[in-house]
Amino acid sequence: MKVMFVPVLTATALWSLILVMGFAGIDGVRSQNVPGYPSDDQLRYYIYIPIGVLALVGIAWALSARFRLLKALPAFVAVAALLSLPFYLYYYTGGV
């Protein structure tokens, strides 16, 4: 395994874990049968954003495997995903 793909694997593992926690949280809200919950905003934040980040990292990795000129792209995208993680988690846990 090349050293360049360590950030890619780290970002993929962390964002996958966040996605699994998001599914569990949404399932917990649905099981309580509260009207109006989970809202579209909750689904977007806990499910769609992690799926989008994982798709972005995966597409960047696939492009780098296909085109040699884009070798640094997945590392750049993975580092950006890892740097955005603390800001995402700040609101994930309710802020303050």
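The values are calculated or read from the model by the stated rules, or taken from the named source; none is laboratory data. It should be emphasised that the depicted structure is a prediction, and the values quoted were computed from it without experimental measurement. Please note: Cβ atoms are built from the backbone with ideal geometry, for glycine as well, and neighbour counts cover all protein chains shown.
List of remarks:
- Residues that are modelled with pLDDT under 90 and of a type in the set (A, V, I, L, M, F, W, C) were ranked within segment 16-48; the one that is farthest from LEU82 (Cα to Cα) is VAL34.
- Residue within segment 71-88 that is over 11 Å from the mean Cα position of the chain (by Cα), over 19 Å from VAL3 (Cβ atoms) and at pLDDT 90 or above present: yes
- The set of residues in segment 28-41 being surrounded by 11 or more Cβ atoms within 10 Å (Cβ to Cβ) and part of a helix (DSSP H, G or I) consists of VAL29, ARG30.
- Residue among ARG68, ARG44 that is exposed (fewer than 13 other Cβ atoms within 10 Å of the Cβ), of a type in the set (Lys, Arg) and within 18 Å of VAL3 (Cα to Cα): ARG68
- Qualifying positions in segment 59-96 - β-branched (Val, Ile, Thr) and part of a helix (DSSP H, G or I): ILE59, VAL77, VAL79
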